[in-house]
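> I'd like to ask you about the structure that follows.
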Amino acid sequence: IIGGQPGNSPWTVSIRNRAGVHFCGGSLVKEQWVISTRQCFSSCDADLTGYEVQLGTLFKDPGPGDPDQQTIPIARIVCGPSESQLVMLKLVRPATLNRRVALICLPPERYIVPAGTICEIAGWGETRGTGDGSVLNVAWLPVMAHGECNAALRGRLKESELCTSPLRAGVGACEGDYGGPLACLTADCWVLEGVITPSRVCARTDQPALFIRVSLYVNWIHKVIKM
Amino acid sequence: HRSPLNDFQRLRATQLLSGPTELPSSPPEHGSAEQCAHRCSIRLACRAFHHDRQSQLCQLLPWTQHSPHVQLQKNIHYDLYQKKDYLRDCITANGTSYRGTRAMTEKGLRCQHWHATTPHDHSRFLPTSRNGLEENYCRNPDQDKRGPWCYTLNPNVRHQSCGIKKCEDAVCMTCNGEEYRGAVDHTESGTECQRWDLQHPHKHPYHPDKYPDKGLDDNYCRNPDSSERPWCYTTDPAREREYCRIRLCKKRPRPLNLTTSCFRGKGEGYRGKVNVTVSGIPCQRWDAQTPHQHHFVPEKYPCKDLQENYCRNPDGSEAPWCFTARPTVRIAFCFHIRRCPDELGTQECYHGHGEHYHGHVSKTRKGITCQPWAAQEPHMPQISPVTHPEAHLEENYCRNPDNDSHGPWCYTMDPHTPFDYCAIKPCSGSRVPSVLENADAVAFEHCGRRDERLQRKGR
């Protein structure tokens, strides 16, 4: 996260490869299910033996004695509808919810988060010197109206994408944050409205940032969990 | 420090079933895999053993998978360990320990049975329980430098070498040997390798279960971390790891799946020219050692195309990556390179959400065959012709019985994929009201809460 600060986001998980290296983020939407982005995974039938999610700690690479840390192997990956760029990861066992680990709510299907809503991105990704890269960083971005964003992107905005306004200070997600949450406080609850996806450049000050619009895929998420 | 298991080749979740006429196997005894290996090693008649990991029982066996009237069978309770010498079809040293089933000479002559005295009479090499002479298999009872041999059935040729290759020559390696799956189990200095599934004498991170795609079998030389060549941990406590000597294939393999404008899978075949990380830091040149020292020297990785400072994936990481020109950031992934599409071309299209689609496409967008709607395997369906009689759920054609907004789908024949969407696209001009047209149609009534955020507690 560029232009952020150390913070807490109990649904944000770190996805780690077989060597135990963090490479992407995710969001805990059910005790045994994490949402992330397709870009982080080699294929829809990738063998994720040895891959794990880490949660319950603010540290990217916590020491051995971290009391609340949970590390759970990933059982399998399910790819979302073609345009979605979403994936769901089933964990080998449910995460234990506590004061460090919580689920994030899902919005109603096709809900549109109002422009101007202040939402939060979180991750252990690149900070480009603007923060402490060893801990979880968070930053806040205002949602941008779809029409305004579409104009700024010269008509290339898709219905499945959601925008946040660029900030002069250069605030945004970056490499290592992909798959993590854009969480918005709605009706007294933190709701997963967007998923961070790679952009050509991080934290641009002159262009909106794009996220996957989760509300278009809530029925699919429930369908996968139910199946 | 060598484990008795070093003499065995392991097959997980496998049982060896023998025919009724075979010699009886011994009754199960208690013991760890290493204890069983020791018991089997000291018994000439023992050629393999079953080990039940759960109950820690082992059963010694007088046959292997190559024995007559014996067959392998899946069994999650057992791991099968067979003596390597009976399985390998290459030799180490002069092959005196070779116990394979080759029964033909290097010039194609059939071998004479060791107990037979015609067409060639001999009394020196008759089978005993100790000398390993068996059937008409090639053997080396007199330590001949040319390796295993046999008497031949050709009256004019008394005996001939069988031409069984040395293990380091039997299977060659290409590039850096990441795909090498041969049977060399000693290092360049001749030290025996440590098994990948053991943590002694050296603890290490390469558990075979964790890296199923690296072929970490027994104690054979492998290259799981993209070193220059295959290597192994050694049974010498004083020397952790060492390269192995394996012949390089003359022909370099034709690279597959090369892409330039996008990357596929993990991007090992990416040959594009992106050379800046997503956070704007230029990549370091592969032929440079500053600001970051590394072992990915282009000349040592000829198949990886480590040109200039382009994003590449020489070690099977998650995606193309590079060393960065910034001293404080050693490595960065190049996830901003677009992924190549990996879905099937679509033959038909559907209107709306495809709830009225009655076509005959029966494959998912990944090419997996659909499960018939009336079937109960491999997935027990929650939607079937019984529950949805009006939805035209015929055979295994893609349908949309639950009005899924993402189009026709089906249960799949892949046990790991309960359902997936199909290789059908929306018809052009087929208008579905955009979610943005009546944005406030969907209200947000209730939600959970997050304790900490509400109590405004200090950190």
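The values are calculated or read from the model by the stated rules, or taken from the named source; none is laboratory data. Just so we're clear, the structure is a prediction, and the values are computed from it rather than from any experiment. Backbone-built Cβ (ideal geometry, glycine too); neighbour counts: all protein chains shown.
> Report every pair of residues separated by at least 6 positions or lying on different chains whose Cβ atoms are under 9 Å apart, first residue within the range B:261-272 and within 10 Å of chain A (Cβ to nearest Cβ), second buried (at least 17 other Cβ atoms within 10 Å of the Cβ) and aromatic (Phe, Trp, Tyr).
B:PHE263/B:TYR270; B:ARG264/B:TYR270; B:GLY267/B:TRP321
> Next question. Can you name the residue in the range B:175-208 that is among the charged types (D, E, K, R) and in contact with a Ser or Thr (Cβ under 7 Å, 6 or more places away or on another chain) and is also nearest to the other protein chains (Cβ to nearest Cβ) among such residues?
Applying the first criterion (among the charged types (D, E, K, R)) to the range B:175-208 yields B:178-179, B:181, B:185, B:188, B:192, B:195, B:197, B:203.
Checking the rest, the ones that are also in contact with a Ser or Thr (Cβ under 7 Å, 6 or more places away or on another chain) come to B:178, B:192, B:195.
Values: B:GLU178: 15, B:GLU192: 26, B:ARG195: 18 Å.
Out of the qualifying residues, it is B:GLU178.
> Restrict the check to the range A:83-97 and report whether at least one residue is among the charged types (D, E, K, R), part of a loop (DSSP other than H, G, I, E, B) and either more than 9 Å from chain B (Cβ to nearest Cβ) or surrounded by fewer than 22 Cβ atoms within 10 Å (Cβ to Cβ) (or both).
Keep residues of the range A:83-97 that are among the charged types (D, E, K, R), which gives A:83, A:90, A:93.
Then keep just the ones that are part of a loop (DSSP other than H, G, I, E, B); that gives A:93.
When the remaining residues are screened for being either more than 9 Å from chain B (Cβ to nearest Cβ) or surrounded by fewer than 22 Cβ atoms within 10 Å (Cβ to Cβ) (or both), the result is A:93.
Yes, the range A:83-97 contains a residue that is among the charged types (D, E, K, R), part of a loop (DSSP other than H, G, I, E, B) and either more than 9 Å from chain B (Cβ to nearest Cβ) or surrounded by fewer than 22 Cβ atoms within 10 Å (Cβ to Cβ) (or both).
> I would also like to ask the following. Using beta carbons and a limit of 6 Å, which pairs, at least six apart or on different chains, have the first residue in the range B:114-139 and exposed (fewer than 13 other Cβ atoms within 10 Å of the Cβ) and the second one not aliphatic (A, V, I, L, M)?
B:HIS115/B:PRO127
Matching residues to (1) within 19 Å of A:ALA139 (Cβ to Cβ); (2) in a strand (DSSP E or B); (3) in contact with a Ser or Thr (Cβ under 9 Å, 6 or more places away or on another chain):
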{"residue": "A:CYS163", "(1), (2), (3)": "yes, yes, no"}
{"residue": "A:LEU167", "(1), (2), (3)": "yes, no, yes"}
{"residue": "A:TYR178", "(1), (2), (3)": "yes, no, yes"}
{"residue": "A:GLU193", "(1), (2), (3)": "yes, yes, yes"}
{"residue": "A:SER199", "(1), (2), (3)": "yes, no, no"}
{"residue": "A:ARG204", "(1), (2), (3)": "yes, no, no"}
{"residue": "A:GLN207", "(1), (2), (3)": "yes, no, yes"}
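> For the range B:342-368, which positions are in contact (Cβ under 8 Å) with a residue 24 or more places away in the chain, surrounded by fewer than 16 Cβ atoms within 10 Å (Cβ to Cβ) and either more than 9 Å from chain A (Cβ to nearest Cβ) or more than 30 Å from A:TYR178 (Cα to Cα) (or both)?
Within the range B:342-368, B:GLY345, B:THR346, B:GLN347, B:HIS351, B:HIS358, B:HIS360, B:GLY367 meet the criteria.
> Still on this structure, I have one more. On the given criteria, is A:VAL113 more than 16 Å from the chain's Cα centre (by Cα), hydrophobic (A, V, I, L, M, F, W, C) and modelled with pLDDT of 90 or more?
Details: more than 16 Å from the chain's Cα centre (by Cα): yes; hydrophobic (A, V, I, L, M, F, W, C): yes; modelled with pLDDT of 90 or more: yes.
The answer is yes for A:VAL113.
> For a quick check of your reading: which strands (runs of 3 or more DSSP E) sit entirely within the range B:310-379 and have at least 2 residues that are touching a His at 6+ places or on another chain (Cβ under 9 Å) and more than 29 Å from A:VAL21 (Cβ to Cβ)?
On the way: elements: B:321-323, B:331-333, B:348-350.
Of the strands (runs of 3 or more DSSP E) lying wholly inside the range B:310-379, those with at least 2 residues that are touching a His at 6+ places or on another chain (Cβ under 9 Å) and more than 29 Å from A:VAL21 (Cβ to Cβ) span B:348-350.
> Could you check A:SER27 against (1) assigned to a strand (DSSP E or B); (2) polar (S, T, N, Q); (3) within 13 Å of chain B (Cβ to nearest Cβ) and say which number it fails?
Here A:SER27 clears every test but (3).
Matching residues to (1) hydroxyl-bearing (Ser, Thr, Tyr); (2) within 30 Å of B:LYS145 (Cα to Cα); (3) in a loop (DSSP other than H, G, I, E, B):
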| site | (1), (2), (3) |
| --- | --- |
| B:HIS1 | no, yes, yes |
| B:LEU16 | no, no, no |
| B:LEU44 | no, yes, yes |
| B:ILE76 | no, no, yes |
| B:TYR98 | yes, yes, yes |
| B:HIS113 | no, yes, yes |
| B:THR118 | yes, yes, yes |
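> Could I ask something else about it? When you scan the range B:369-385, do you find a residue that is away from chain A (no Cβ under 14 Å), of a type in the set (D, E, K, R) and without any contact (Cβ under 8 Å) to a residue 60 or more places away in the chain, even just one?
yes
> Ok, one more. Going through B:SER189, B:SER227 one at a time, which residue ends up being in contact (Cβ under 8 Å) with a residue 40 or more places away in the chain, under 22 Å from the mean Cα position of the chain (by Cα) and in a loop (DSSP other than H, G, I, E, B)? Before the answer, list the steps.
Values: B:SER189 fails: under 22 Å from the mean Cα position of the chain (by Cα).
Among B:SER189, B:SER227, only B:SER227 is in contact (Cβ under 8 Å) with a residue 40 or more places away in the chain, under 22 Å from the mean Cα position of the chain (by Cα) and in a loop (DSSP other than H, G, I, E, B).
> Consider the range B:130-172. How many of its residues are hydroxyl-bearing (Ser, Thr, Tyr), touching a Leu at 6+ places or on another chain (Cβ under 6 Å) and assigned to a loop (DSSP other than H, G, I, E, B)? Let's see the steps before the verdict.
Just the residues of the range B:130-172 that are hydroxyl-bearing (Ser, Thr, Tyr), to begin with: B:137, B:151-152, B:161.
From what is left, the residues that are touching a Leu at 6+ places or on another chain (Cβ under 6 Å) are B:152.
Narrowing further to those that are assigned to a loop (DSSP other than H, G, I, E, B): none.
Counting residues in the range B:130-172 that are hydroxyl-bearing (Ser, Thr, Tyr), touching a Leu at 6+ places or on another chain (Cβ under 6 Å) and assigned to a loop (DSSP other than H, G, I, E, B) gives 0.
> Can you go through A:VAL214, A:VAL191, A:VAL195 and tell me which one is facing chain B (nearest Cβ under 8 Å) and modelled with pLDDT of 90 or more?
A:VAL191
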